[in-house]
Structures are given as C-alpha cells and as structure tokens.
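Visitor: What follows is a structure written as structure tokens; I'll ask about it next.
The values are calculated or read from the model by the stated rules, or taken from the named source; none is laboratory data. Being a predicted model, the structure only gives us computed values, none of them experimental. Please note: Cβ atoms are built from the backbone with ideal geometry, for glycine as well, and neighbour counts cover all protein chains shown. Ligands, DNA and RNA are excluded from the accessible area calculation, which covers all protein heavy atoms including side chains. Shrake-Rupley method; radii C 1.70, N 1.55, O 1.52, S 1.80 Å.
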Amino acid sequence: MDKITFCIPSKSNLRYLKTCITSIKQNSTLDNEIIVWVDQDNDGTVKWLKKNNIKHFINPKIEPQGIAAGYNRCIKSASNDIVCMFHADMFMGKDFDVNLIKHLKPNTIISGTRIEPPLHPEGKEKIVKDFGMYPEDFNKQKFEKFVENIKNIHKDQVTYGIFAPWICFKNEILEMGMHDEEFHSYHEDSDIFNRFILNGLKLIQSRDALVYHLTCRGGKWADGIEQVTTDNKFHNMTMKARNHYIRKWGSWIKN
C-alpha cells in the first residue's frame, strides 16, 4: 500500500509538536514520512527534531513566512505520492492513515474526522468530546478507547466535506499550484478548498479516520481560550488575508 507524507507547519510550538509526532509514529499502520516546516524556533524545536531524526526545513528568514508557505515546502519535498496536511496540535488516532487511503482515488481529496474539545460549537463534520485542552492533560488512554469504538460504529462510512487533516496525490496539488502564500496563515485552507471544487475534485470525509484536534492550540490560543486582539501584527495579518480573499473571490467564505 502507498505511504503518506505528513506535512506539518510549526512555529515555536514544540510542546504540541512532540505529542503530534509521537502519535503519528505510534498509530501509523504504514511506514509514513513526516516533514516539519520550522517557521520560527524559540523553544528548541530544531534541536528536538534533529535528536529524533525528523525531516525538517528551517525558515531562512527572520519573519515567519506562514502556514501556506510551510505546507508548500513540505509538499514539494515529500518522498511519497500522497501528502497529508496536518496540524501541530493534532493527535492521530490508530489506523488514521489506512482509513484515509482506502478511499483515495485520482481527483479526490480525503479528509479525516476531527474530535475536538468544546472550544467551538458542534458541527456535523466533527465530534465534540473533551479529552483535554493541552498536551499536558491529554487523556491518551480514554481517547484511544473512544477511537476504537467510533471506528467500529462508522467503519467505511463517508460523507461529503473537507477540513484538515486531508490527503491527496502530490502530483495533483502540484499541478494546481499548491497553497496561495499571500494568505500567509489565515484562510489559505478556504481558498484551496474553493480551487479543489473548481478543478472538479471530489471531496470525501472518512468517518473512521480520527484525530484529536486542540483547535488553534498550536498557534494563537496556545495558552488560553480567547483570541488575541491586542497584537497589531496579528490583527494586520488577519485583515490582509481577509482582504485578499474578498478581492480574489468577490465575497466572504461560503464553503
């Protein structure tokens, strides 16, 4: 069976990245590849990646280049034909990889199903269940038991939809031009989802490919639950991405 290259942007979030990478190694059925884009390192991320022989690339610039650039760098460097957009604040459930690949065909995007703590409202595309808010209090044993139960209940089930984490063939996303780096770290996903639809790709969500997603914990909510609003750099970055999206698509996000 084909293998997956996990593409993970990182920005000084080693406490999340450690648990994320450990979960991929422990719960992969296949001999998958992991590539990390280190956009910023104020916490020893590079040292830890080197110690654990994790393939990575370091942003050569002082200012962060963003999630979109990170994904693109990882995609281009992937050794496998299948790439997965993964977040540093996700913990992979057992058999996630094979339960995605079994649905993958040319011109398809296959998403996993997120289990999330109650930080956001419930939705049909996810499962709201609290297994912890931070890596330090993540209840791994209960999560794994829950995953086994859901895998049995929803075995081979799919629905229509898309959200990270998702996989596709490397050659197909390269042909599309990958992520638009003008979005930096905001709304790059909504943009590429629109482009998937325009390119006629089929969007499938696998209901037995499960991850625990801490939801923005690896970034702006790393130590709290409120969005940072006093940081002008953060505000300007989000507004720039918003304006770029409206200019490009003529309206706000509808997908």
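To keep it simple, each residue is scored yes or no on (1) touching a His at 6+ places or on another chain (Cβ under 8 Å); (2) in contact (Cβ under 8 Å) with a residue 40 or more places away in the chain; (3) more than 21 Å from Leu203 (Cβ to Cβ); (4) of a type in the set (Gly, Ala, Ser).
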| site | (1), (2), (3), (4) |
| --- | --- |
| Ile109 | no, yes, no, no |
| Arg114 | yes, yes, no, no |
| Pro117 | no, yes, yes, no |
| Met133 | no, yes, yes, no |
| Glu136 | no, yes, yes, no |
| Asn139 | no, no, yes, no |
| Asn149 | no, no, yes, no |
| Asp156 | no, yes, no, no |
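Visitor: So, one more: Does the stretch 212-246 hold any residues that are basic (Lys, Arg) and at pLDDT 65 or above, and which are they?
Guide: Initially, the stretch 212-246 is screened for residues basic (Lys, Arg), giving 217, 220, 233, 240, 242.
Within the stretch 212-246, Lys233, Lys240, Arg242 meet the criteria.
Visitor: Could you pull out the residue among Lys51, Lys55, Lys25, Lys47 that is free of Cβ contacts under 8 Å to residues at least 24 places away in the same chain and within 16 Å of Ala78 (Cβ to Cβ)? Break it down stepwise before answering.
Guide: Numbers: Lys51 fails: within 16 Å of Ala78 (Cβ to Cβ); Lys25 fails: within 16 Å of Ala78 (Cβ to Cβ); Lys47 fails: within 16 Å of Ala78 (Cβ to Cβ).
That would be Lys55, the only listed residue that is free of Cβ contacts under 8 Å to residues at least 24 places away in the same chain and within 16 Å of Ala78 (Cβ to Cβ).
Visitor: Every residue in the stretch 100-120 that is open to solvent by less than 30 Å² (accessible area, probe 1.4 Å) and closer than 23 Å to Leu17 by Cβ, please. Give the steps one after another, and end with the answer.
Guide: First pass over the stretch 100-120, keeping only residues open to solvent by less than 30 Å² (accessible area, probe 1.4 Å): 100-101, 104, 108-117.
Selection gives Leu100, Ser111, Gly112, Thr113, Arg114, Ile115, Glu116, Pro117.
Visitor: For the subset of the stretch 150-184 comprising residues that are assigned to a helix (DSSP H, G or I) and more than 26 Å from Leu214 (Cα to Cα), which member is most open to solvent (accessible area, probe 1.4 Å)? Show your work before the answer.
Guide: As a first pass, look at the stretch 150-184 and keep what is assigned to a helix (DSSP H, G or I): 150-153, 170-176, 181-183.
Cutting the leftovers down to more than 26 Å from Leu214 (Cα to Cα) gives us 170-176.
Working: Lys170: 40, Asn171: 85, Glu172: 28, Ile173: 1, Leu174: 72, Glu175: 148, Met176: 37 Å².
Per the criteria, the residue is Glu175.
Visitor: Just to be sure before I move on: is Phe143 assigned to a loop (DSSP other than H, G, I, E, B) and of a type in the set (Phe, Trp, Tyr) in the structure I sent?
Guide: Numbers: assigned to a loop (DSSP other than H, G, I, E, B): no; of a type in the set (Phe, Trp, Tyr): yes.
No, not satisfied.
Visitor: Can you give me the number of residues within the stretch 144-192 that are basic (Lys, Arg) and farther than 20 Å from Ile101 by Cα? Write out each step before concluding.
Guide: First, pick out the residues of the stretch 144-192 that are basic (Lys, Arg): 145, 151, 155, 170.
Checking which are farther than 20 Å from Ile101 by Cα leaves us with 145.
Result for the stretch 144-192: 1.
Visitor: In this structure, does Ile173 turn out to be β-branched (Val, Ile, Thr) and over 15 Å from the mean Cα position of the chain (by Cα)? Lay out the reasoning, then the answer.
Guide: On the way: β-branched (Val, Ile, Thr): yes; over 15 Å from the mean Cα position of the chain (by Cα): yes.
Yes; evaluated as a whole, the condition is true for this residue.
Visitor: While we're here: Wholly within the stretch 16-96, which strands (runs of 3 or more DSSP E) include no fewer than the required count, namely at least 3 residues that are open to solvent by less than 10 Å² (accessible area, probe 1.4 Å)?
Guide: On the way: elements: 33-40, 55-58, 82-85, 90-92.
It comes to 33-40, 82-85, 90-92.
Visitor: Looking for something within 17 Å of Asn171 (Cα to Cα), among the aromatic types (Phe, Trp, Tyr) and touching a residue at least 24 places away in the same chain (Cβ under 8 Å) - is there at least one such residue anywhere in the stretch 68-87? Explain how you work it out, then say what you get.
Guide: First, pick out the residues of the stretch 68-87 that are within 17 Å of Asn171 (Cα to Cα): 71-85.
Filter again for among the aromatic types (Phe, Trp, Tyr), leaving 71.
Remaining after also requiring touching a residue at least 24 places away in the same chain (Cβ under 8 Å): 71.
Yes, because at least one residue in the stretch 68-87 is within 17 Å of Asn171 (Cα to Cα), among the aromatic types (Phe, Trp, Tyr) and touching a residue at least 24 places away in the same chain (Cβ under 8 Å).
Visitor: Something else: For the structure I just gave you, tell me whether Ile192 is buried (at least 19 other Cβ atoms within 10 Å of the Cβ), free of Cβ contacts under 8 Å to residues at least 24 places away in the same chain and part of a helix (DSSP H, G or I).
Guide: Values: buried (at least 19 other Cβ atoms within 10 Å of the Cβ): yes; free of Cβ contacts under 8 Å to residues at least 24 places away in the same chain: yes; part of a helix (DSSP H, G or I): yes.
Taking the combined requirement at face value, the residue satisfies it.
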